[in-house]
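The values are calculated or read from the model by the stated rules, or taken from the named source; none is laboratory data. Here the structure is a predicted model, which is why all the values come from computation and not from measurement. Virtual Cβ from ideal backbone geometry, glycine too; neighbours counted across all protein chains shown.
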Amino acid sequence: MRNSSRSRYAVAALVDLAQSKTIRPVALAEIAQRQSVSVSYLEQVFALLRQNGFVKSVRGPGGGYLLARASHEIRVADIFTAFAAAKSVGGDGDDSDASRAGASVSGLWSALDRESIRFLSTISIKDVADGNVASTKISGKAAAQAAE
């Protein structure tokens, strides 16, 4: 799983939509201004969000985007996974680390990916929008290690 800028902006944009608490579609220009990012960049991000069923678009005057599901149903891990899959389909993935560093380091990154996905699977867009993401989300062995 790659923590790309597109996936981070996707999460921020979905949080923005969740926090808008409006039933009207939100224009990309509004989100772009609040997130300090260009509209053209957000268009790319929202194309993937729409393709993966996270948002729905409304055309015409007063158009924009709405969450396709309730914010508590959208997991951050799903967003990162969707963007990572889009990246690998595009052929932009970089597997050179595995070939240069060997299998032992590759195993480290795989373990990190699994733990990251497991952690992000516990967090919804609503959690982030409500500010409920804290170290309390870390469980078990990781929490004990974090306390040391």
Checklist outcome for this item: Checked against (1) under 14 Å from the mean Cα position of the chain (by Cα); (2) free of Cβ contacts under 8 Å to residues at least 12 places away in the same chain, residue 33 satisfies every condition except (1)
Checklist entry - Any idea which residue in the range 55-80 is nearest to residue 119 (Cα to Cα), counting only those that are part of a loop (DSSP other than H, G, I, E, B) and not hydrophobic (A, V, I, L, M, F, W, C)? => result 69
Checklist outcome for this item: Out of (1) within 20 Å of residue 130 (Cβ to Cβ); (2) touching a residue at least 60 places away in the same chain (Cβ under 8 Å); (3) not in a helix (DSSP H, G or I), the one residue 18 does not meet is (3)
Item to check | Close pairs (6 angstrom Cβ cut-off, 6 or more residues apart or separate chains): modelled with pLDDT under 95 in the range 115-134, in a loop (DSSP other than H, G, I, E, B) anywhere | outcome: 116/1; 117/1; 133/123
Checklist entry - Only one of 14, 42 is at pLDDT 95 or above, in contact with a Leu (Cβ under 8 Å, 6 or more places away or on another chain) and more than 14 Å from residue 74 (Cβ to Cβ); which? => result 42
Checklist entry - Does at least one position in the range 80-103 carry a residue that is in contact with a helix residue (DSSP H, G or I) (Cβ under 9 Å, 6 or more places away or on another chain), acidic (Asp, Glu) and at pLDDT 90 or above? => result no
Checklist entry - Does residue 138 satisfy the criteria of being in contact with a helix residue (DSSP H, G or I) (Cβ under 8 Å, 6 or more places away or on another chain), closer than 21 Å to residue 5 by Cα and either surrounded by 13 or more Cβ atoms within 10 Å (Cβ to Cβ) or at pLDDT below 80 (or both)? => result no
Checklist entry - Tally time: how many residues in the range 17-39 are farther than 15 Å from residue 79 by Cα, buried (at least 16 other Cβ atoms within 10 Å of the Cβ) and touching a strand residue (DSSP E or B) at 6+ places or on another chain (Cβ under 6 Å)? => result 3
